[in-house]
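The values are calculated or read from the model by the stated rules, or taken from the named source; none is laboratory data. This is a predicted model, so every value here is computed, not measured. Cβ placement follows ideal geometry from the backbone for every residue including glycine, while neighbour counts extend to all protein chains displayed. To get the accessible areas, we keep the full protein, side chains included, count just its heavy atoms, and leave off ligands, DNA and RNA. Shrake-Rupley method; radii C 1.70, N 1.55, O 1.52, S 1.80 Å.
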Amino acid sequence: MALILDVARFKYPPHWVPLTLLWEAMDRTDETTAQRRGFMLISRPHTEPGLLYTLSCKHESWVGVAKYLMDDVPLLLKSEDVKDINKVLHVVFLSLPSSFGDFIKWVAEIRRQEDGGQSLSQEEKGRLSVKDEVLKQVQETDLFKHVVAFLSSSNSCCRNVPILDQEDDLPDIAASVCCQGAEILAGKSASVEGYFCKEKCVKCLKANGDKPITLISGTVVDGISEQGLDVLVPSSQTKMICCGCGPSSHIGMHPAGNDVLTALLLALPPVTWSGIKDEKLLQEIDALVSTEHLPILLQEEVLHLRRQLHLLKRCQENRVDQDLGAPLS
């Protein structure tokens, strides 16, 4: 049976009909067009997941971070007398919640070592190439240059930026990712506390004139068994340095705090900055965060993050409504 919902509900209320009868009705020829009536399939637009960055709700603290970004930041910028870009960044970064580092992540790709060996398939190369390009495009924005300059300045509040509290040590990041990957591949959804990455090594793969690829191999144990996993790391071509195992020569290649913060600033709703009183500064900020002239890949990435922010904002509002409507105990 199929449920018919006619737009002229006052004349044709909803009703069920046999599927065969519905098909016969659609298969008849329309006298005006001499074509069969046919049917259309209508669905929500399909949106691909983020290529390089994503927002995480795994930790309950996402509620406070989402509220800070969507509600508090616009009010702070409106109340503060900001005169330049550095002051704007200072206002935004100074009060970031301590759990901010758990809120936005860069996306790594994981595989079992026995599935790939020391080479990458064409599909893996293609996906990694796209991630590399997104990272490169983020680092080529004028906003990224301002963020890097601000975070490296002696009088910045970079020590208060949670995502930069610790050095972006690629092997340590990969060890954590390997444990998460082992959990996912095992079909578990509990904490990764039972997993431990006992070995890890950073490798630089290059073959047949291809661009060097960073691969981190790790051995994960859970007390019962162990498995080898590879993490395929996106990297910016302009910062790529090919060498052997070891963390020191790989610092700065992979997605790090400065480009993660840049991507998030680009994703904030345009209305975020409207409270800035200095008209010239407002125009400068609007030019820096505008998605209109971004490359298509980065534009899609930023709009994906922005949709996630709006969705989290709605979820946060629904939680507040539920709390306010809850009966007193």
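Would you be able to say whether some residue in region 13-36 is in a loop (DSSP other than H, G, I, E, B), more than 21 Å from Leu265 (Cα to Cα), open to solvent by 70 Å² or more (accessible area, probe 1.4 Å) and touching an Asp or Glu at 6+ places or on another chain (Cβ under 7 Å)?
no
Of all residues in region 307-316, which are open to solvent by less than 80 Å² (accessible area, probe 1.4 Å) and either among the small types (Gly, Ala, Ser) or out of contact with any Ser or Thr (no Cβ under 8 Å at 6 or more places or on another chain) (or both)?
Selection gives Leu309, Leu312, Lys313, Cys315, Gln316.
Working carefully through the options Gln322, Gln299, find the one that is at pLDDT 90 or above and either assigned to a helix (DSSP H, G or I) or open to solvent by 30 Å² or more (accessible area, probe 1.4 Å) (or both).
Gln299
Would you check if Ala2 is on the phi < 0 side of the Ramachandran plot, in contact with a helix residue (DSSP H, G or I) (Cβ under 9 Å, 6 or more places away or on another chain) and modelled with pLDDT of 90 or more?
Yes: the conditions hold for Ala2.
Taking into account only those residues within region 86-119 that are small (Gly, Ala, Ser) and not in a loop (DSSP other than H, G, I, E, B), which is modelled with the lowest pLDDT?
By that ranking, first place goes to Gly116.
With respect to Leu128, is the statement that it is in contact (Cβ under 8 Å) with a residue 60 or more places away in the chain, out of contact with any Cys (no Cβ under 7 Å at 6 or more places or on another chain), in a helix (DSSP H, G or I) and farther than 24 Å from Leu312 by Cα true?
yes
To keep it simple, each residue is scored yes or no on (1) of a type in the set (A, V, I, L, M); (2) out of contact with any Ser or Thr (no Cβ under 9 Å at 6 or more places or on another chain).
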{"site": "Ser61", "(1), (2)": "no, no"}
{"site": "Lys67", "(1), (2)": "no, yes"}
{"site": "Asp72", "(1), (2)": "no, no"}
{"site": "Glu80", "(1), (2)": "no, yes"}
{"site": "Leu96", "(1), (2)": "yes, yes"}
{"site": "Ser99", "(1), (2)": "no, no"}
{"site": "Val107", "(1), (2)": "yes, no"}
{"site": "Ile110", "(1), (2)": "yes, yes"}
{"site": "Glu123", "(1), (2)": "no, yes"}
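How many of the residues in region 254-286 are part of a helix (DSSP H, G or I) and in contact (Cβ under 8 Å) with a residue 60 or more places away in the chain?
Of the residues in region 254-286, 16 are part of a helix (DSSP H, G or I) and in contact (Cβ under 8 Å) with a residue 60 or more places away in the chain.
Mind listing whichever residues of region 254-284 are open to solvent by 30 Å² or more (accessible area, probe 1.4 Å) and β-branched (Val, Ile, Thr)?
The one that is open to solvent by 30 Å² or more (accessible area, probe 1.4 Å) and β-branched (Val, Ile, Thr): Val271.
So Glu292 passes all but one of these: (1) outside any helix (DSSP H, G or I); (2) at pLDDT below 75; (3) open to solvent by 20 Å² or more (accessible area, probe 1.4 Å). Which condition number does it fail?
With respect to (1) outside any helix (DSSP H, G or I); (2) at pLDDT below 75; (3) open to solvent by 20 Å² or more (accessible area, probe 1.4 Å), Glu292 is out only on (2).
For the list (1) modelled with pLDDT of 80 or more; (2) assigned to a strand (DSSP E or B); (3) surrounded by 15 or more Cβ atoms within 10 Å (Cβ to Cβ), I need the number of the one condition that Cys201 fails.
For Cys201, the exception is condition (3).
Out of all the residues in region 98-105, is one or more among the polar types (S, T, N, Q), farther than 14 Å from Asn258 by Cα, touching an Asp or Glu at 6+ places or on another chain (Cβ under 8 Å) and in contact (Cβ under 8 Å) with a residue 40 or more places away in the chain?
No - not one qualifying residue is present in region 98-105.
Identify the residue in region 71-121 that is more than 30 Å from Lys277 (Cα to Cα) and of a type in the set (Lys, Arg) and, among all such residues, is farthest from the chain's Cα centre (by Cα).
The extreme case among them is Arg112.
Among the candidates Asp132, Asp142, single out the residue that is at pLDDT 75 or above and open to solvent by 50 Å² or more (accessible area, probe 1.4 Å).
Asp142
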